[in-house]
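Encoded as structure tokens, the structure appears first; notes follow it.
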Amino acid sequence: MTDPALQLGRPATIPENPDLAVLDRVPNPQADVSYVARFTCPEFTSLCPVTGQPDFGLLVIDYVPNAWLLESKSLKLYLAAFRNHGAFHEDCTVGIGRRIVELLDPHWLRIGGYWNPRGGIPIDVFWQTGAPLVGVWLPDQGVNPYRARG
């Protein structure tokens, strides 16, 4: 049965901006085991805060859960709220990582923001909470360095 406090299992709309978005968490039924959970958002969009032009990127979020898991529907709505939000690539990428860490208090988290070029320059942004955990399988994020991705 779905928790009625969650967005999961009921109609929800995309928030007007990321600050209004609610991220939901659910108990981790495997909290006694260290493992990596990955979310990939291949069509992330935000707006340049200076020009208002759209920016497109690929986000890869890896985390080692503690007591909580990030609920995916709420993550989708949160990330979609950036579509009309002006922020630099660095602010989007690091801000998303920090918001998830604040909610979940995971053992470890990293986020890679692989941004498509604007003005001929791609900007990739990487942030993590510390050294990866020993003994946890951590696959490569699978995104090649920029050479006309596609």
Study note, to complete from the structure: Among 52, 142, the single one that is more than 16 Å from the chain's Cα centre (by Cα) and on the phi > 0 side of the Ramachandran plot is 52
**Study point:** Count of segment 105-150 residues which are assigned to a loop (DSSP other than H, G, I, E, B) and of a type in the set (D, E, K, R)
**Key:** 4
Check your understanding: Taking into account only those residues within segment 1-47 that are part of a loop (DSSP other than H, G, I, E, B) and in contact with a Phe, Trp or Tyr (Cβ under 7 Å, 6 or more places away or on another chain), which is nearest to residue 84 (Cα to Cα)?
Key -> 21
**Study point:** Residues that are assigned to a helix (DSSP H, G or I) and farther than 21 Å from residue 121 by Cβ, drawn from segment 67-94
**Key:** 72, 73, 74, 75, 76, 77, 78, 79, 80, 81, 83, 84
Revision key, fill the gap. Out of (1) under 19 Å from residue 141 (Cα atoms); (2) buried (at least 17 other Cβ atoms within 10 Å of the Cβ), the one residue 43 does not meet is (2)
Study note, to complete from the structure: Being closer than 14 Å to residue 18 by Cβ, free of Cβ contacts under 8 Å to residues at least 40 places away in the same chain and in contact with a Ser or Thr (Cβ under 9 Å, 6 or more places away or on another chain) narrows 97, 86 down to just 97
Point to revise | Condition met for residue 118 (in contact (Cβ under 8 Å) with a residue 40 or more places away in the chain and either over 13 Å from the mean Cα position of the chain (by Cα) or closer than 21 Å to residue 77 by Cα (or both)) | key: yes
Review point. Among the numbered criteria (1) farther than 22 Å from residue 10 by Cβ; (2) in contact (Cβ under 8 Å) with a residue 40 or more places away in the chain; (3) buried (at least 17 other Cβ atoms within 10 Å of the Cβ), which single criterion is violated by residue 56?
Key: (3)
Check your understanding: So, of the residues in segment 104-134 that are within 24 Å of residue 146 (Cα to Cα) and of a type in the set (D, E, K, R), which turns out to be modelled with the highest pLDDT?
Key -> 110
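The values are calculated or read from the model by the stated rules, or taken from the named source; none is laboratory data. Everything quoted here is computed from the prediction, not taken from an experiment. Because the Cβ atoms are built from the backbone with ideal geometry, glycine has one as well, and the counts that use them run over all protein chains shown.
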